[in-house]
Amino acid sequence: MATAGKVIRCRAAVAWAAGKPLSVEEVEVAPPKAQEVRVKIVATGICCTDDHVLGGYFPNAEFPVIPGHEGAGIVESIGEGVTSVKPGDKVIPLCLPQCGQCCFCLNPDSNYCMKSHLYESQNLMPDKTSRFTCKGKRIHHFLWISTFAEYTVMPEYAVAKIEAAAPLDKVCLLACGFPTGYGAAINTAKVKPGSTCAVFGLGGVGLSVVMGCKAAGASRIIGVDINKDKFAKAKELGATDCVNPKDFTKPIHEVLMEMTGLGVDYSFEAIGLADTLTAALASCNMNTGVCVMAGELASGSMVSFDPLLLLSGRTWRGTLLGGWKMRDSIPKLVSSYLEKKFNSDLLITHTLPIAEVNKGFELLRAGKSIRSVLLF
Ligand code: APR
Ligand code: ZN
Ligand code: ZN
């Protein structure tokens with residue numbers, strides 16, 4: 001491409017400081033160095049985790065930063081040594097990389113990679129420099145992929161080639177929200193046919209959990225949310241019952257115990273709050289119940305709970321991106337999407353131009369959207 005090897009000037013939504021709205025600016029994007037890939041982002045979803053960054057409660061994020069991690073695009077150019085993608089390929093940037101070499105990547109039971117932010121910062125490229133500048137200032141990357149930029153640079157092991165037929169404005173959701181929830185049910189909890197599930201939080205992640213529980217053959221799926229406007233979509237996607245904790249004076253775990261006898265087989269927390277995390281734990285069967293934490297608590301949060309809840313036998317698990325080894329699995333999920341094995345499009349409630357990125361966040365905070373997709 002004519003732009004290969006050159007700095008590209010393009011639009012990006014920049015977060016200059018915590019607690020401030022994003023500002024759509026012209027930024028300069030340097031060419032990819034060795035083992036790096038520059039991608040033209042076509043579409044990107046807005047995920048709650050981006051809102052955590054804007055609020056300043058995402059662990060270790062540094063300002064100014066270009067957030068965004070639910071994108072899909074086309075490779076514009078590649079650095080020296082890159083072999084898995086070429087210019088013109090459709091790709092999904094991976095917020096959880098897969099280096100293929102660390103002890104977790106080599107472990108078939110793990111999808112964590114030691115190149116990711118819980119172990120090592122991804123605020124700059126691996127060589128500790130940034131590819132972004134704006135108004136003469138260095139701008140940080142976010143999880144290496146910063147999909148709120150029209151062009152963005154990432155290491156090769158943080159990008160996956162997908163089928164050319166994939167609609168980028170739809171499959172961008174397969175970069176985070178959908179696989180997180182869907183995989184929490186089928187990979188992490190391994191929901192069994194005929195089982196009973198409870199899903200706390202019916203946003204993009206929780207609704208994807210509902211879809212995963214249904215695909216796994218659960219016979220009862222109880223959605224829990226304080227916003228009753230979420231119930232219609234949850235039922236459309238497979239929830240058999242929906243309950244609003246605000247409709248009860250007793251704690252919601254007691255309500256779920258009464259509804260199910262001994263508690264649910266699997267409970268999922270897809271909100272990101274300490275109270276709902278312990279309520280989800282207390283809602284599952286005291287001995288055989290499995291509770292999966294899919295929501296991300298604000299950094300620094302602490303949870304206190306009655307240890308008897310675990311002593312009786314319950315299992316409490318976390319999930320990162322639904323347990324998928326991202327580089328191996330995301331292309332397969334895209335193929336499954338194209339084969340209509342699931343319909344993640346139902347999560348998209350709004351499509352907005354990048355210039356309206358702040359409106360997208362307002363819709364999310366007001367509980368009026370499930371997923372907004374931004375287009376460049
Ligand atoms: N009890 C029940 N439901 C609640 C409560 C509560 N106390 N507080 C909020 N909710 C509901 C909201 O009404 C909303 O429907 O939880 C849902 C959260 O959905 P979104 O805000 O759309 O978030 P989502 O993108 O689904 O992400 C959920 O997963 O990946 C993480 O960072 C993400 O922690 C976040 C979580
Ligand atoms: Zn996300
Ligand atoms: Zn790795």
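The values are calculated or read from the model by the stated rules, or taken from the named source; none is laboratory data. All values derive from a computational prediction rather than experimental measurement. FYI the Cβ positions are ideal-geometry reconstructions off the backbone, even for glycines, and counts take in every protein chain you see. Note: accessible area is taken over every heavy atom of the protein model, side chains too, but ligands, DNA and RNA are not part of it. Shrake-Rupley method; radii C 1.70, N 1.55, O 1.52, S 1.80 Å.
Taking only C-alpha pairs under 8 Å that are 6+ residues apart, what is the relative contact order of region 1-129 in percent? Could you put the intermediate results ahead of the total?
Details: 222 pairs, mean separation 28.0, N = 129.
For region 1-129, the relative contact order is 22 percent.
With a 1.4 Å probe and all protein chains left in place, how much of the accessible area of the chain comes from carbon and sulfur atoms, in whole percent? Present the calculation step by step, with values, prior to reporting the outcome.
Numbers: 8410 of 15170 Å².
The nonpolar share, carbon plus sulfur, comes to 55 percent.
Using alpha-carbon positions, what is the distance between the centroids of region 268-345 and region 26-84, in Å?
Rounded to whole Å, the Cα centres lie 26 Å apart.
Express the relative contact order of region 96-149 as a whole percentage, based on alpha carbon pairs under 8 Å and six or more residues apart in sequence. Can you show the working numbers first?
On the way: 61 pairs, mean separation 13.7, N = 54.
It comes to 25 percent, rounded to a whole number.
Determine, for region 153-229, the count of lysine pairs separated by eight or more sequence positions (or lying on different chains) whose alpha-carbon distance falls under 24 Å.
Details: LYS161/LYS170; LYS170/LYS214; LYS190/LYS214; LYS192/LYS214; LYS214/LYS228.
Close lysine pairs found across region 153-229: 5.
Rounded, prolate or oblate, given the Cα gyration tensor of region 67-143, with a/c below 1.5 counting as rounded? Working shown, then result.
Details: a/c = 1.88, a/b = 1.26, b/c = 1.49.
Verdict is oblate for region 67-143.
Only Cα pairs under 8 Å and at least 6 apart count here; give the relative contact order of the chain as a rounded whole percent. Could the numbers behind the result be given before it?
Numbers: 942 pairs, mean separation 66.2, N = 376.
Relative contact order here is 18 percent.
Near LYS341, which aspartates and glutamates are there with a Cα under 17 Å away, not counting those fewer than 8 places off in the same chain?
Answer for LYS341, where 17 Å is the Cα cut-off: GLU163, GLU236, listed by chain and number.
Restricting to Cα atoms and excluding each atom paired with itself, what does the Kirkwood estimate give for the chain in Å? Don't skip to the answer; put the middle values down first.
Details: mean 1/r = 0.0480 Å⁻¹.
For the chain, the Kirkwood estimate is 20.8 Å.
Given a Förster radius of 22 Å and the C-beta distance between MET114 and SER301 as r, what FRET efficiency does 1/(1 + (r/R0)^6) yield to the nearest 0.05? Could you put the intermediate results ahead of the total?
Working: r = 24 Å, r/R0 = 1.08.
Efficiency for this residue pair is about 0.40.
Calculate, for ALA215 and LYS137, the FRET efficiency according to 1/(1 + (r/R0)^6) with r their C-beta to C-beta distance and R0 30 Å; round to the nearest 0.05. Intermediate values should be presented prior to the final figure.
Details: r = 46 Å, r/R0 = 1.53.
E between ALA215 and LYS137, to the nearest 0.05, is 0.05.
Counting only DSSP beta bridges with both residues in the chain, what percent are antiparallel, rounded to the nearest 5?
Working: 34 of 61 bridges.
About 55 percent, rounded to the nearest 5.
Across region 1-118, how many lysine pairs, 8 or more apart or on two chains, come within less than 16 Å at their alpha-carbon atoms? Intermediate results must be reported in sequence, preceding the final value.
Details: LYS6/LYS33; LYS6/LYS40; LYS33/LYS86; LYS40/LYS86; LYS40/LYS90.
For region 1-118, qualifying lysine pairs total 5.
Given C-alpha coordinates of region 126-214, what is the ratio Rg to Rh with the Kirkwood estimate of Rh?
On the way: Rg = 17.6 Å, Rh = 15.8 Å.
Radius of gyration relative to Kirkwood radius: 1.11.
Let me cross-check ILE271: its accessible surface, 1.4 Å probe, with only protein heavy atoms counted, in Å² to the nearest 10?
Accessible surface of ILE271 is approximately 70 Å².
I'd like the FRET efficiency for ASP51 and SER335, computed as 1/(1 + (r/R0)^6) with the beta carbon distance as r and R0 of 22 Å, rounded to 0.05. Before the final figure, lay out the partial values.
On the way: r = 30 Å, r/R0 = 1.38.
FRET efficiency, ASP51 to SER335: 0.15.
Give the angle, between 0 and 90 degrees and rounded to the nearest 10, that separates the Cα long axis of helix 204-215 from the longest principal axis of the Cα atoms of the chain.
Value to nearest ten degrees: 60.
If you roll a 1.4 Å probe over the heavy atoms of the protein chains, what accessible area per residue do you get for region 45-188, in Å²? Please list the in-between numbers first.
On the way: 4720 Å² over 144 residues.
Result: 33 Å² per residue.
Got a number for the accessible area of SER130? Probe 1.4 Å, square angstrom, nearest 10.
Taking all protein chains as shown, SER130 has close to 30 Å².
Give the accessible surface of region 229-293 per residue, rounded to a whole number of Å², with probe radius 1.4 Å and ligands, DNA and RNA excluded. Walk me through the numbers on the way to the answer.
Values: 2930 Å² over 65 residues.
Heavy-atom accessible area per residue stands at 45 Å².
Going by the alpha-carbon gyration tensor, a ≥ b ≥ c the square roots of its eigenvalues, is region 106-168 rounded (a/c under 1.5) or, if a/c is not under 1.5, prolate (a/b greater than b/c) versus oblate?
Details: a/c = 2.89, a/b = 1.23, b/c = 2.35.
Oblate.
Among TYR119, TYR151, TYR266, whose mean-square fluctuation peaks in a Gaussian network model of the chain (Cα, cutoff 10 Å)?
Residue with maximal mean-square fluctuation among TYR119, TYR151, TYR266: TYR119.
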